[in-house]
Amino acid sequence: MEEWDEVEVPDNVKEIFVDMKNTAELMVDLAYSAVLFREKEIAEEVLELEEYLDVLNYHLMVRSVLSARNLRDAERITSILQMAHSIDEISNAAADLAKMVLEEKLHPLVTEVILESEETIGKVVVSPESMLVGKTLDALDLSTNTGVWVVAIRRGKRWLFDPDEDTKVMPGDIIIGRGTRTALDYLKEIARGIIKVMPNE
Amino acid sequence: MSEYDEIRACLVEMKDLSALMIDLSFSSVMYNSEDIAEEVYLLEEKMDDLTLKVKRLTLRAAKGEEDPESLLSIIDLADINERISDAAYGIADIILRDIEPHPIIKEIMEDTEEELGRATVKSGSVLIGKSLAQLKLPSKIGTRILAIKRGDRYIYNPGKEDTVEEGDVLIAVSSDMDKLRKLAGEEVEEEE
């Protein structure tokens, strides 16, 4: 594993906080994906992110304390620290969810709960005929155009977790996404090549 | 309904509510809104009740199980969702304790991947008179409506049959809030 003191962390409170919030939300999505598909590799990633989030939280606290210039400032900064603390709690909960996958003690009902909730997780296989192929996630903007948030991509034997905007979709990719059932079904049709154009084109 | 059906229904509700509570709690801080923070508090109480209900039902179900330990993950899932909702309450508590939110929080909420924001429905908007079922905002523009503010009243977690009216303030989480603002008839500065 990497040494955490060498990990790059954004250098101001705002950016650290944004990173923390995004990371915690990603962790919850990944944890539910790990549970749904019984994927230990995804669960391991959640635990790694949990460590990263702890580092972020520490840096946030140090910088917040440093930035207070007077009493009013200090008081307002407690609001940021309280939120960061809550985000950390959410990430701990996500990590415990991921641990359930590693311990292999999941009741089938847990899977059903994930599938029946309003926002669920789905697996979308990209066929070579799909209009998604060769385009970047940035260009596709799937969250806006289909309501599906890409959580991870399985490419061959490799996982791309939280793939960045320049990632190009390749034929055979398996996209793990979060969204409503309708949104996921819609993306599946696009990925199978049944729907040829995106709504906003 | 069997015990398992009941447990499943409770857990689905808990999972949906805990996700809603996080978004609501962040919006309460973003807009320094006591109304929204109060709602998070009420939902937190509901989550406590649901957690207890799941635990009781699971214990009852365990009596008929050959391997009662297999039910442990069900209780764990309830606990995890309860903890997420506690965390959300911790955020809303900032507002309930009357602590002034730091100004950068608003910028932060506009900068995260899932952007929080609100849009006011102007006269002539295409949204007016349509139900959320008709609008299908989650799949059409990647937007979930957390609450509708109508006059002094809030409709939290609006259902499919709720309709949008002129003057409504839509509190939403979205990958692109400007899309919702345009549909609501707000003037939106073009970014580039």
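We did not get these values from a lab; they are worked out from the coordinates using the rules stated. Keep in mind that what you see is a predicted model, and the values were worked out from it rather than measured. We place every Cβ from the backbone using ideal geometry, glycine too, and count neighbours over all the protein chains shown.
On a per residue basis, the convex hull of the C-alpha atoms belonging to the range B:3-96 measures out at 65 Å³. What the Cα convex hull of chain B gives, in volume per residue, is 140 Å³.
Distance between the 7 Å Cα→Cβ label points at B:LYS182 and B:ASP35: 2.8 nm. When every Cα-Cα distance of the range A:119-201 is counted in 5 angstrom steps from zero, the calculated P(r) takes the values 3, 17, 30, 31, 16, 3, 0 percent. Counting every alpha-carbon pair across the range A:157-201, the share separated by more than 15 Å comes to 54%.
In a DSSP loop and with at most 11 other Cβ atoms within 10 Å, the trypsin sites (Lys or Arg not before Pro) in the range A:99-201 are A:LYS157, A:LYS196.
Put in order of Cβ neighbour count within 10 Å, fewest first, the listed residues A:HIS59, B:HIS102, A:HIS85 become A:HIS85, A:HIS59, B:HIS102.
Per-residue shielding of B:131-137, expressed as the average number of other chain Cβ atoms within 10 Å of the residue Cβ, stands at 1. For B:ALA147, the residues whose amide H sits under 5 Å from its own are B:ASN157, B:ILE171, ignoring neighbours fewer than 5 places away on the same chain, with H placed 1.01 Å from N.
Among the GluC sites (Glu not before Pro) in the range A:1-80, those located in a DSSP loop and surrounded by at most 12 other Cβ atoms within 10 Å of their own Cβ are A:GLU2, A:GLU3, A:GLU8. Using every pair of distinct Cα positions in the range A:4-108, the Kirkwood expression returns a hydrodynamic radius of 14.5 angstrom. For the pair A:ARG192 and B:ASP48, a Förster radius of 41 Å applied to the C-beta separation gives a FRET efficiency near 0.40, rounded to the nearest 0.05.
Across the range B:96-192, the volume of the C-alpha convex hull divided among the residues equals 122 Å³ per residue. Temperature 37 °C, viscosity 0.692 mPa s: under these conditions the Stokes-Einstein estimate for chain A, based on its Kirkwood radius over C-alpha pairs, is 179 µm² per second. The Cα atoms of the protein assembly as shown define a convex hull whose projected area, averaged across directions, is 21.0 nm².
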